[in-house]
1. What is the distance in Å between the Cα centroid of the stretch 51-66 and that of the stretch 79-99?
2. In sequence order, what are the phi-derived ³J(HN,Hα) couplings for the stretch 101-113 according to the Karplus relation 6.51 cos²θ - 1.76 cosθ + 1.60 with θ = phi - 60°, rounded to whole Hz, with x for glycine and proline?
3. How big is the stretch 65-159 along each principal axis, measuring the range of its Cα positions in Å and listing the largest first?
4. Once you place label points 7 Å from the Cα toward the Cβ at Thr17 and Glu153, how far apart are they in nm?
5. Quick one: Debye curve from the C-alpha atoms of the chain, no solvent, what's log10 I(q)/I(0) at q = 0.10, 0.17 Å⁻¹?
6. Arg126's amide H: which non-local residues (gap 5+, or another chain) put their own amide H closer than 5 Å, with H modeled 1.01 Å from N in plane and none for Pro or chain starts?
7. For Lys64 and Val135, FRET efficiency with R0 = 30 Å and r from the beta-carbon atoms, rounded to 0.05?
8. Arrange the following residues from fewest to most other Cβ atoms within 10 Å of their Cβ: Ser75, Ser151, Ser49, Ser124.
Amino acid sequence: MIKVGDRIPSVKLKHKTPDGIKDITTDEIFKGKKVVLFALPGAFTPTCSAKHLPGFVQRVGELKAKGVDTIACLSVNDAFVMDAWGKDQHVDGKVLMLADGNGDFTRAVGLEMDGTGYGMGKRSRRYALVAQDGVVKTLNVENPGAFEVSSAEAILKAL
């Protein structure tokens, strides 16, 4: 599993832009920036929709005031689902909605969970990290079923 002091692996992700689905690399996202990345098991799932994503959307101003350049949400879903979820949650460009459709990034950071018992397949564990110029400075990984250390509030305290 990735840890504090490690460099974010170079992986290609997808996101929906006004021009359609586009590739975006982790190098583009993290290089020269302070980034908060939070990941979750799935778009439109209960905790993710009721607490995790909304907390970051509501606290964008506070995070930016602490020097954060980019706030990104990642899930093992496709870019169309992430875009639809972002619209449903009124993200309005405040959070970069990243699709890790094949789980490449999730596996590269060692934070995959097996949700096959719930009909979800391989997904991301719930976590949040802060990276400066691609180096992990804070990593808060949740225990299965928990939502305590990866919230926007917990990341604000870590900043």
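1. The stretch 51-66 and the stretch 79-99 have Cα centres separated by 14 Å.
2. Residue by residue, the stretch 101-113 yields x, 9, x, 4, 5, 4, 5, 4, 8, x, 10, 7, 10 Hz.
3. 39, 29, 24
4. 3.7 nm
5. Reported log10 I(q)/I(0), two decimals: -0.30, -0.95.
6. Glu142
7. Plugging the Cβ-Cβ distance into 1/(1 + (r/R0)^6) gives 0.90.
8. Ordered by Cβ neighbours within 10 Å, fewest first: Ser49, Ser151, Ser124, Ser75.
Bear in mind these aren't lab numbers, they're just calculated from the coordinates by the rules spelled out. In this text the structure is predicted, and so the values were computed from the model without any measurement. Note: ideal-geometry Cβ built from the backbone for every residue, glycine included; neighbour counts use all protein chains shown.
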